Amino acid sequence: MKSLETIMEDIESSKQEIIDSMMEMIRIPALAPINGGDGESKKADYLWTLLTGFDTVTRHDVHDATDPNVMRSNIIAVKQGKKEGTLWFVAHMDVVPVGDLELWDTLPFEPELKDGRIYGRGTEDDGQSVISSIFAAKQFNGLELEGMSLGLALVADEETGSVHGIQYLIDQGMFAPGDIIMVPDHCSPNGEDIAVGEKHILWLKVCVEGKTTHASTPNLGINAYKVSTMLLMDLIESFDSRFGNTNDLYLPRNSTFEPTKRISTVENVNTIPGYDEFCLDIRLNPEYDPDVVLSMVNETAQVYAESTRAKITIEVLQKAVAGRQSSIESEGFKALRDSVKDVRGFEP
């Protein structure tokens, strides 16, 4: 087995190859169909060419539920070890939409290297995980693994629910109870923190149907924009007061209740909008129940519907209950902690 010093020297000598691979990958958009894209298949095609030295590399494509013509691609690569179980590194290939191009200093899918950083859509979330996992695994090319097997799961659909990605692979029995799973997606830049759990996720769409009229006679209509704004402010205040506990294991420490996407209402200034909708991205510390939050939203919406005569509906876009928190006494945690200490020189 290679020494740590040799591994670090090999990685340093591969620096340009790592940069080139990262930038080539970033040039390939990987958006879900609901975000205007055609999935991860093209990016998976490229990453497939980098996966050398594994005993098995398999592709698991899934027809997208909203557009069956689009394939959502997953790749599983495994190098067999002598001991039972697999140490997995899981990273996702899909990215979020680029948003307003005017807010970018660079083109999202034309990556640029500046002052030691690569700028482009998906470099941090989650390109760094994909490329670093692949090149870390390359250090074992041509070597026998004395311990557990080593596996990479490059998955689809993380940004829009994971149904076609990690959830599909779980349902297909890709992972065993004794496996150790690392997800190098997000924590601290220098490795000083190790995340051992995730928050619950609840995405909601709130639709408010009022009655349009001329702005000079608002009494003849129901201003959906005004109703939705009052409802939103009430929900934010209620959430902060009822779900305000903090947890030192998570960043940020508090649960979050964030309005995100909102449609345009009317095109002209002097019309009362008869319809409005907005979306909420809610991240809950594990001690809270997403269903309790959903009940609060529904109950508050009902109050506003009755007082304003607007029709208000709540649609659940995603509800993901977090898994059990990993133990800091587990084999996987201790191995990661010790590795960070060996490489970075401090204990996370």
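The values are calculated or read from the model by the stated rules, or taken from the named source; none is laboratory data. If you're wondering where the values come from, they're calculated on a predicted model, not measured in any experiment. Every residue, glycine among them, receives a Cβ derived from its backbone with ideal geometry; neighbour counts consider all protein chains shown.
Scanning segment 52-67 for residues that are under 29 Å from Leu145 (Cβ atoms) and hydrophobic (A, V, I, L, M, F, W, C) yields a count of 2. Residues satisfying the criterion are present in segment 143-161 (criterion: in the same structural domain as Gly37 (by TED's automatic domain parsing), at pLDDT 95 or above, more than 25 Å from Ile328 (Cα to Cα) and among the small types (Gly, Ala, Ser)). Annotation note: of Val90, Val78, Val130, Val96, the sole residue that is within 20 Å of His164 (Cβ to Cβ) and either part of a loop (DSSP other than H, G, I, E, B) or touching a Phe, Trp or Tyr at 6+ places or on another chain (Cβ under 9 Å) (or both) is Val96. Selection within segment 212-229: residues that are assigned to a helix (DSSP H, G or I) and not small (Gly, Ala, Ser). The member of this set that is nearest to the chain's Cα centre (by Cα) is Thr229.
Residues of segment 319-330 include none that is part of a helix (DSSP H, G or I), outside the structural domain of Phe257 (by TED's automatic domain parsing) and modelled with pLDDT under 95.
For Met23, are the conditions met, namely being within 25 Å of Met71 (Cβ to Cβ), of a type in the set (A, V, I, L, M) and out of contact with any Lys or Arg (no Cβ under 8 Å at 6 or more places or on another chain)? Show your work before the answer.
Working: within 25 Å of Met71 (Cβ to Cβ): yes; of a type in the set (A, V, I, L, M): yes; out of contact with any Lys or Arg (no Cβ under 8 Å at 6 or more places or on another chain): yes.
For Met23, the condition - within 25 Å of Met71 (Cβ to Cβ), of a type in the set (A, V, I, L, M) and out of contact with any Lys or Arg (no Cβ under 8 Å at 6 or more places or on another chain) - is met.
Suppose we filter Gly116, Gly151 for residues that are in contact with a Phe, Trp or Tyr (Cβ under 6 Å, 6 or more places away or on another chain), over 18 Å from Ile34 (Cα atoms) and not charged (D, E, K, R); which single one remains? Step through it out loud before you land on a result.
Numbers: Gly116 fails: in contact with a Phe, Trp or Tyr (Cβ under 6 Å, 6 or more places away or on another chain).
The unique qualifying residue is Gly151.
Being more than 17 Å from the chain's Cα centre (by Cα), surrounded by fewer than 17 Cβ atoms within 10 Å (Cβ to Cβ) and not basic (Lys, Arg) is the filter here; which residues of segment 195-211 pass it? Explain how you work it out, then say what you get.
Quick first cut of segment 195-211, residues more than 17 Å from the chain's Cα centre (by Cα) only: 205-211.
Remaining after also requiring surrounded by fewer than 17 Cβ atoms within 10 Å (Cβ to Cβ): 205, 209, 211.
Scanning segment 195-211 gives a single hit, Glu209.
Among the residues of this structure, Asp248 does not count as one that is assigned to a helix (DSSP H, G or I) and either more than 25 Å from Leu317 (Cβ to Cβ) or out of contact with any strand residue (DSSP E or B) (no Cβ under 7 Å at 6 or more places or on another chain) (or both).
Yes or no: segment 82-98 includes at least one residue that is among the β-branched types (Val, Ile, Thr), closer than 30 Å to Glu331 by Cβ and either crowded, with 18+ Cβ neighbours inside 10 Å or out of contact with any Leu (no Cβ under 8 Å at 6 or more places or on another chain) (or both). It would help to see each step written out before you state the result.
Initially, segment 82-98 is screened for residues among the β-branched types (Val, Ile, Thr), giving 86, 90, 95-96, 98.
With closer than 30 Å to Glu331 by Cβ added as a condition, the list becomes 86, 90.
Imposing the further condition that a residue be either crowded, with 18+ Cβ neighbours inside 10 Å or out of contact with any Leu (no Cβ under 8 Å at 6 or more places or on another chain) (or both) reduces the set to 86, 90.
Yes, segment 82-98 contains at least one residue that is among the β-branched types (Val, Ile, Thr), closer than 30 Å to Glu331 by Cβ and either crowded, with 18+ Cβ neighbours inside 10 Å or out of contact with any Leu (no Cβ under 8 Å at 6 or more places or on another chain) (or both).
If you check Trp48, Trp88, which single one turns out to be over 26 Å from Gly116 (Cβ atoms), among the aromatic types (Phe, Trp, Tyr) and within 19 Å of the chain's Cα centre (by Cα)?
Working: Trp48 fails: within 19 Å of the chain's Cα centre (by Cα).
Within the list Trp48, Trp88, the selection yields Trp88.
The set of residues in segment 277-310 that are among the charged types (D, E, K, R) and either assigned to a loop (DSSP other than H, G, I, E, B) or surrounded by fewer than 15 Cβ atoms within 10 Å (Cβ to Cβ) (or both) comprises Glu287, Asp289, Asp291, Glu299, Glu306, Arg309.
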